[in-house]
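J.: The structure follows.
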Amino acid sequence: MKRLAILLLLTAPMVVFAWPWSQDMMNQPSIKPQEGTQTPFPKRSVPYSIPYGGELTQVANREEAKELENPIPVNDKSLKKGKQLFKIYCGACHGLLGKADKSSPIAEKIGAIPLIGDYVQKDLTEGWIWGTITYGSYVMPAYGDPTGNADGKGSNDLSVDERWHVVNYLRNQLVADANGGAAVTATAQASTDAASAVN
Ligand code: HEC
């Protein structure tokens, strides 16, 4: 008797799941994943960044990023954000003002180039710089791709838009900061930063 009770207990759920109502929510007229043909994107549509309600821009490497249009307008908000991120993520190697000077203890040792010269300011495209931040370079690590560059080490610390904010700052304000920045002492800079972080 006891055995029969145990057997019943074990088999009862199977019987219940085999009854028709265990499936009828699944069988409905909606289109299921991988079913039917995919609707193509409208002609001439452009992949765009998230805050504008679009898709993530899909590029696979720095080469493909070269011609990307910068979707983030250059304004005070973007420049401020870019500057903040630049100091956190780029200053350690390229110097706080992109001069590859002694404000970075390792710039010289690892060959981090100055970012205020014509090469980065004029010759490279904004897409390429965004791609460099995303996928890294020869020595430089990746900040938008966890699989990283050749050494396989990378992170996705910076979002798509954060990388464009850094590009905006780098191309529109860094040189001015670097030229006027020498007079700014570390303490003055720190208090300005603290003040702007509050706002
Ligand atoms: C860990 C050190 C390190 C950090 C952090 C770093 N870089 Fe670099 N970066 C380098 C080195 C080294 C090079 C030169 C060698 C190379 O291309 O890898 C370089 C090169 C570059 C180049 C030139 C790429 C080219 O095609 O020649 C750009 C632009 C650049 N970095 C921008 C940035 C920006 C913007 C950040 C911040 C988001 C940043 N880097 C953070 C080390 C770093």
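Quick note: the coordinates plus some simple rules give every number you see, no bench work behind them. Bear in mind the structure is a predicted one, so any value in this text is a computation, not a measurement. Note that each Cβ is placed from the backbone with ideal geometry, even for glycine, and that neighbours are counted across all protein chains shown.
J.: Using amide H atoms built in the peptide plane, which far-off residues or other-chain residues are under 5 Å from GLY154 H to H?
T.: Those qualifying (amide H under 5 Å, at least 5 residues apart or on another chain) are GLY148.
J.: Going Cα to Cα from LYS83, which lysines come in below 21 Å? Please leave out same-chain ones fewer than 8 positions away.
T.: Filter leaves LYS99, LYS102, LYS122.
J.: Rounded, prolate or oblate: which one fits segment 50-184, using the alpha carbon gyration tensor with axes a ≥ b ≥ c (rounded when a/c is under 1.5, else prolate when a/b beats b/c, else oblate)?
T.: It comes out oblate by the Cα gyration axes.
J.: Taking θ = phi - 60°, what integer Hz values does the Karplus form 6.51 cos²θ - 1.76 cosθ + 1.60 yield along segment 105-118, in sequence order, with x for Gly and Pro?
T.: Using θ = phi - 60°, the values come out as x, 10, 3, 5, 4, 9, x, 6, 7, x, 9, 9, x, 4 Hz.
J.: Taking K and R as +1 and D and E as -1, what net charge do the other residues with C-beta under 14 Å from the C-beta of ALA107 add up to?
T.: Details: positive: LYS99, LYS102, LYS109; negative: ASP101, GLU108.
With Lys, Arg at +1 and Asp, Glu at -1, the neighbours total +1.
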